[in-house]
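Comments concern the structure below.
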Amino acid sequence: MNLVCKPLMNGIMAYWDEVEDAVAYNITLYINEQAISKRINERTELYCTFTGLAAVDGVTRRTISAAARSTVNVVGGGYSSPQHSGYDYYVKVEAENRNGEIIESTDKVKCAVREF
């Protein structure tokens, strides 16, 4: 099963390939290893959106002025990129059969959130 994640404005869109014998899909949103949201989709819905999210990576910028304030002055006159916070969003999808058994699963896929 192939999982693709795309950034939305303040959210994430995830979509995946159909599994023939699946009756439901369990979708889990993580921050690193911590599950923060779980959804269950019927077999006909091969996508899921998570909205109302903020960037947690410390790198995504809201505005140019906010990005300028978050840069670090380097001795010698240069500037470096904002520091990564150590946090990232991930999505994982599991396909479930009629007996409630997981018949196929994706790896956790790293995702990003788009902000102004």
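A probe of 1.4 angstrom, applied to the heavy atoms of all protein chains, finds Ile36 with accessible area near 80 square angstrom. Stretching the chain fully between Ile103 and Glu18 yields a gain of 29.4 nm (0.36 nm per residue, less the alpha carbon separation). Seen from all directions on average, the range 1-41 presents a Cα convex hull projection of 3.5 nm². Here's the list of aspartates and glutamates a cross-link from Lys108 could span, going by alpha-carbon distance under 20 Å and ignoring same-chain residues fewer than 8 apart: Asp17, Glu18, Glu33, Glu45, Asp57, Asp88, Glu94, Glu96. Relative to the current alpha-carbon distance between Glu33 and Tyr87, full extension at 0.36 nm per residue lengthens the span by 18.5 nm. 3J(HN,Hα) along the range 98-111, derived from phi through the Karplus expression 6.51 cos²θ - 1.76 cosθ + 1.60 where θ = phi - 60°, amounts to 5, 8, x, 8, 6, 9, 7, 8, 9, 6, 6, 10, 5, 10 Hz, with x in place of Gly and Pro.
The values are calculated or read from the model by the stated rules, or taken from the named source; none is laboratory data. Only a predicted model underlies this, so the values are computations on that prediction, with no experimental measurement involved. In case anyone asks, the SASA skips ligands and DNA or RNA and just uses the protein heavy atoms, side chains included. Shrake-Rupley method; radii C 1.70, N 1.55, O 1.52, S 1.80 Å.
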